[in-house]
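Presented below is the structure to which this report refers.
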Amino acid sequence: MSLPPDRSLRALIEPLLREMRSGRQWIDRSVVLVFALLTGLVVTAFTALADLATGTWVALQGSGWTGALLALLWTPVLTVAVLMWTRRFAREAGGSGIPQVLAALHDDTPPERVSALVSPRLALQKLLLTCAGLLGGLSIGREGPTVQVGAGVMLGARRWLSPGSGIDAHDLMVAGAAAGVAAAFNTPLGGIVFAIEQLTRRRDLRHSNLTIAAIVLAGLVSISVFGNESYFGALVVPVLDWSLLAPGLAVALAAGLAGGLFSRLLVLCAQGGSDRVSRWRAAHPLRFAAACGLAVGLIGLVTSGATAGAGYHPTRALLEHGDDGLPPLYTLLKFVATWLSAWSGVPAGTFAPSLAIGAGLGQDIARLAGLAGRPESVALVALGMVGFLSATTQGPITAFIIVMEMVSGQAMVLSLMACALLSGAVARLVSPSMYTEMAVLWGMPRPAAGVAAGASPHSG
């Protein structure tokens with residue numbers, strides 16, 4: 001039996017009318033979107049400032065005899081200065097920032113602790129301290145810190161929302177953190193997947209549509225400033241055949257082992273221990289930071305600055321040319337420089353440096369396979385990027401999507417996905433989830449054994 005036309009029409013428009021009558025709800029949604037826009041602007045400014053800091057370091061380091069002076073003096077001094085400020089005024093800004101956000105998102109974290117771990121004020125300090133580290137030539141990235149910055153900016157919307165909005169701190173932090181990833185990498189899809197895979201494991205996201213809208217809006221801000229091009233251009237690879245199976249498998253396994261070792265080292269260093277080095281670091285953190293800064297500076301000196309910063313330029317050279325002209329042992333030295341930079345205790349993201357290490361690893365295996373300088377080597381470089389990032393973060397889907405968007409790697413979708421899954425599985429045999437273990441250090445209750453084994457939230 002069909003309804004009369006007037007009743008059928010009323011049934012269609014009544015929900016729309018109810019929605020339109022809820023004016024306060026629309027104001028709350030507008031507030032969230034305004035802060036999403038602000039998040040995109042802040043992250044875009046962060047990107048520009050970080051690029052300026054890295055460029056300044058490269059220019060100074062390449063100025064003849066001043067390069068040695070910078071390695072011996074400037075890098076350790078600035079490392080100590082950043083750590084001093086962090087320990088005195090912004091202790092929660094240390095490290096990557098992703099573990100802090102995970103700890104803040106846990107339901108059992110007290111509100112006052114959430115405000116300490118994530119806030120607009122802390123976001124500003126995190127931004128400036130990370131850029132100071134880049135200015136000092138440390139091997140760090142801005143993408144992990146961007147997660148904490150984005151969550152902090154978005155959390156500022158809380159004071160403008162009505163009590164009955166239903167949008168709580170959890171929803172705002174997830175939206176801000178994912179929006180930060182989207183804007184930092186210029187990968188809106190990567191931001192959405194990051195939110196799903198890493199940030200919403202223990203709780204449903206009640207305002208998913210609004211959250212996705214916020215992520216997309218922040219990503220659009222980045223695109224409007226930097227353009228719609230991927231970070232590393234379009235990946236040009238030949239038709240992949242079975243001849244690359246063995247080298248590709250070698251890249252996936254090597255990336256899984258190296259990435260697992262990398263994350264395990266960072267976890268052990270963060271946890272500390274009873275060994276002599278850990279005791280010295282605990283007793284004299286500034287001296288230890290100076291030693292780390294000196295070592296990183298010397299590595300940068302012998303590599304002509306190739307290991308400084310996030311590593312975007314060497315990675316792009318490998319993807320575009322297949323042969324880089326990078327110094328010998330670049331992969332190992334970038335690995336050590338990134339580890340020491342994070343171990344010093346300064347705000348330090350490992351997202352982008354992981355991509356650079358993975359790219360170098362892929363190129364090394366291409367050399368061993370006799371493929372250096374050939375078009376096939378580019379495919380191995382891309383596999384190394386996704387494999388090492390997946391192994392380090394133990395977030396294979398996020399790693400796959402981000403790398404695919406950054407290199408326009410649609411021609412290698414299945415290969416990149418398989419490499420991410422295999423490397424992540426190998427890494428789990430070597431190390432627990434880096435971000436989960438570090439989030440526990442920031443106050444997050446340790447997950448049950450079954451939960452921890454089946455899921456790995458995510459120092460970036």
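Here no helices (runs of 4 or more DSSP H) wholly within the range 376-446 include at least 2 residues being basic (Lys, Arg) and farther than 19 Å from residue 318 by Cα. Screening the candidates 310, 258, 337, 252 for the property of being in contact with a strand residue (DSSP E or B) (Cβ under 6 Å, 6 or more places away or on another chain) and closer than 25 Å to residue 406 by Cα yields one hit, 310.
The set of residues in the range 363-376 being surrounded by 24 or more Cβ atoms within 10 Å (Cβ to Cβ) and out of contact with any Pro (no Cβ under 9 Å at 6 or more places or on another chain) consists of 363 alone. Scanning the range 249-302 for residues being assigned to a loop (DSSP other than H, G, I, E, B) and out of contact with any helix residue (DSSP H, G or I) (no Cβ under 6 Å at 6 or more places or on another chain) gives a total of 4.
For the range 338-356, filtered to residues that are assigned to a helix (DSSP H, G or I), within 14 Å of the chain's Cα centre (by Cα) and of a type in the set (A, V, I, L, M, F, W, C), the residue that is nearest to residue 294 (Cα to Cα) is 342.
Tell me, yes or no, whether the range 253-265 has at least one residue that is touching an Asp or Glu at 6+ places or on another chain (Cβ under 9 Å) and at pLDDT 95 or above. Before you say what the answer is, go through the steps one by one.
Here is the first cut: in the range 253-265, the ones touching an Asp or Glu at 6+ places or on another chain (Cβ under 9 Å) are 254, 263.
Subset that is at pLDDT 95 or above: 254, 263.
Yes, the range 253-265 has at least one match.
How about the range 347-373: which of its residues are among the small types (Gly, Ala, Ser) and under 26 Å from residue 123 (Cα atoms)?
Keep residues of the range 347-373 that are among the small types (Gly, Ala, Ser), which gives 348-349, 352, 354, 356, 358-360, 362, 366, 369-370, 372-373.
Matches in the range 347-373: 348, 349, 352, 354, 356.
If the condition is being surrounded by fewer than 24 Cβ atoms within 10 Å (Cβ to Cβ) and in a loop (DSSP other than H, G, I, E, B), then the range 107-141 contributes 107, 108, 109, 110, 119.
Would it be correct to say that residue 421 is at pLDDT 95 or above, surrounded by fewer than 24 Cβ atoms within 10 Å (Cβ to Cβ) and at negative phi? Before you say what the answer is, go through the steps one by one.
Working: at pLDDT 95 or above: yes; surrounded by fewer than 24 Cβ atoms within 10 Å (Cβ to Cβ): yes; at negative phi: yes.
In short, yes.
Scanning the range 161-188 for residues that are of a type in the set (Val, Ile, Thr) and more than 25 Å from residue 113 (Cβ to Cβ) yields one hit, 187. Condition (residue is at pLDDT 95 or above and among the β-branched types (Val, Ile, Thr)) applied to the range 237-248: is it met by at least one residue? Looking through the range 237-248, none of the residues is at pLDDT 95 or above and among the β-branched types (Val, Ile, Thr).
The values are calculated or read from the model by the stated rules, or taken from the named source; none is laboratory data. Note that the structure is a prediction, hence the values are computed from the model and not measured. As a convention, Cβ positions derive from the backbone with ideal geometry for all residues, glycine included, and neighbour counts pool all protein chains shown.
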